[in-house]
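Taking it in order: structure first as structure tokens, then the write-up.
The values are calculated or read from the model by the stated rules, or taken from the named source; none is laboratory data. Treat the numbers as computed from the prediction; the structure is a model and nothing was measured. Backbone-built Cβ (ideal geometry, glycine too); neighbour counts: all protein chains shown.
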Amino acid sequence: MGSTTNDHDFEETVKSIGDLHGNMAVLSKLDAVLKDLNTDISEPERLIQSDGAISGTIVQISNSPLYGFTEKSDSIATALQKVGYNQALKLVGMALSKQVFMRDLESYGITADSYWRYSYFTAVFLERQAKALGLNSDEAYLFGLLHSIGRVVINEILYTRQVEVFWDRFIPEKEWEMMMIGFTNQKAGALLLRLWEFPPELCKRVENQNASASANSDLLVSLLDYARALANHLIDPPRLRALCRPDTHPVQKKLRLPAAQLLKEVNEIAAHVEEVYASLKDC
């Protein structure tokens, strides 16, 4: 069994893990830059260029079949001009998710491939539904992409402690995490995002994402709850169709999409996720 951790030790451990993936802070800074209407158009380029690994991956992604351009980019400037500055946040999100998410979460019994697909599906689903509902789509995208990043923290803690007790799903995830280290992945993820200086509202959403519907009126949190259910059943067509039927989740009343249209959109997003995954594998 793992030993529980006090608040101070937990924060120090999360900070050390945050330092390992410190380039994730670029995503937070870019989000702030893109929200500033007075930002010089070259500022996103300078920010992205501050990390060589991210820069190289972004150029490769822009040259991949995902975008289908015949003319190749050879710099961040040409890559952003080609795909559009409104895609900058998503390009960086793709590049960073490759580095941070494409690793096995052995303590949870989740492969790197599954973890990345799950996270990216929820990001795109939330982004699309947010646009349809008149919400901030960039905020929705980041929330979907980063909502389960706390699992990386807990997996790393257990790996460092050489604890080989794995979540077998016979007990709820929260109970297993509390038993193993004394904190949930939602709290760990929120703390990590605060260290990277992501917006306070995003950190709050990540920490409170499992609040009951009666205790949480945040529409993005409700959308995430539905997106997680869909993401976990993408390879189970009968169950996926059932989840798209009316009244299977309270948030469907907000979406106002017929079952057939909703299922079509879910399948389109799943296909897009596979396209992005193939492009990242080539980078």
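Just checking, does segment 102-109 include any residue being of a type in the set (Lys, Arg), over 24 Å from residue 186 (Cβ atoms) and surrounded by fewer than 22 Cβ atoms within 10 Å (Cβ to Cβ)? I'd like the intermediate steps shown before the answer.
Let us first name the residues in segment 102-109 that are of a type in the set (Lys, Arg), namely 103.
This time we only want the ones that are over 24 Å from residue 186 (Cβ atoms), so: none.
Taking every residue of segment 102-109 in turn, none turns out to be of a type in the set (Lys, Arg), over 24 Å from residue 186 (Cβ atoms) and surrounded by fewer than 22 Cβ atoms within 10 Å (Cβ to Cβ).
Quick check on my filter: what residues within segment 185-228 are aliphatic (A, V, I, L, M) and over 15 Å from the mean Cα position of the chain (by Cα)? Give the steps one after another, and end with the answer.
Here is the first cut: in segment 185-228, the residues aliphatic (A, V, I, L, M) are 188, 190-193, 195, 202, 206, 211, 213, 215, 219-221, 223-224, 227.
Of everything in segment 185-228, those that are aliphatic (A, V, I, L, M) and over 15 Å from the mean Cα position of the chain (by Cα) turn out to be 191, 195, 211, 213, 215, 219.
Inspect segment 33-40 for any residue being more than 20 Å from the chain's Cα centre (by Cα), farther than 21 Å from residue 281 by Cα, assigned to a helix (DSSP H, G or I) and of a type in the set (D, E, K, R) and give the result as yes or no. Let's see the steps before the verdict.
Of all residues in segment 33-40, those more than 20 Å from the chain's Cα centre (by Cα) come to 36-40.
Now drop any that are not farther than 21 Å from residue 281 by Cα, which leaves 36-40.
Adding the requirement that they be assigned to a helix (DSSP H, G or I) leaves none.
Among the residues of segment 33-40, not one is more than 20 Å from the chain's Cα centre (by Cα), farther than 21 Å from residue 281 by Cα, assigned to a helix (DSSP H, G or I) and of a type in the set (D, E, K, R), which makes the answer no.
Just checking: which of the helices (runs of 4 or more DSSP H) contained wholly in segment 182-252 hold 1 or more residues that are of a type in the set (D, E, K, R) and closer than 12 Å to residue 148 by Cβ? Walk me through how you get there before you give the answer.
Numbers: elements: 185-195, 200-207, 219-231, 237-243.
Result: 219-231.
Please determine, by comparing only the residues of segment 260-283 that are at pLDDT 95 or above and more than 18 Å from residue 144 (Cβ to Cβ), which one is surrounded by the fewest Cβ atoms within 10 Å (Cβ to Cβ).
That would be 260.
For a quick check of your reading of the model, give me the residue pairs whose first member lies in segment 224-249 and is closer than 20 Å to residue 119 by Cα and free of Cβ contacts under 8 Å to residues at least 12 places away in the same chain, whose second is hydrophobic (A, V, I, L, M, F, W, C) and outside any loop (DSSP other than H, G, I, E, B), with beta-carbon atoms closer than 6 Å and at least 6 apart or on different chains.
Correct list of pairs: 233/240.
Condition check: at pLDDT below 80 and either aliphatic (A, V, I, L, M) or surrounded by 16 or more Cβ atoms within 10 Å (Cβ to Cβ) (or both). Does residue 37 satisfy that? Walk me through how you get there before you give the answer.
Values: at pLDDT below 80: yes; either aliphatic (A, V, I, L, M) or surrounded by 16 or more Cβ atoms within 10 Å (Cβ to Cβ) (or both): yes.
Taking the combined requirement at face value, the residue satisfies it.
Looking only at segment 148-168, which residues are closer than 16 Å to residue 98 by Cα and either polar (S, T, N, Q) or in a loop (DSSP other than H, G, I, E, B) (or both)?
Answer for segment 148-168, where residues must be closer than 16 Å to residue 98 by Cα and either polar (S, T, N, Q) or in a loop (DSSP other than H, G, I, E, B) (or both): 148, 149.
Can you name the residue in segment 150-184 that is under 14 Å from residue 18 (Cα atoms) and not small (Gly, Ala, Ser) and, of all such residues, is surrounded by the most Cβ atoms within 10 Å (Cβ to Cβ)? First the steps, then the outcome.
To start, the set of residues in segment 150-184 that are under 14 Å from residue 18 (Cα atoms) comprises 150-157.
Still in the running and not small (Gly, Ala, Ser): 151-157.
Details: 151: 23, 152: 22, 153: 23, 154: 28, 155: 21, 156: 20, 157: 23.
The residue in question is 154.
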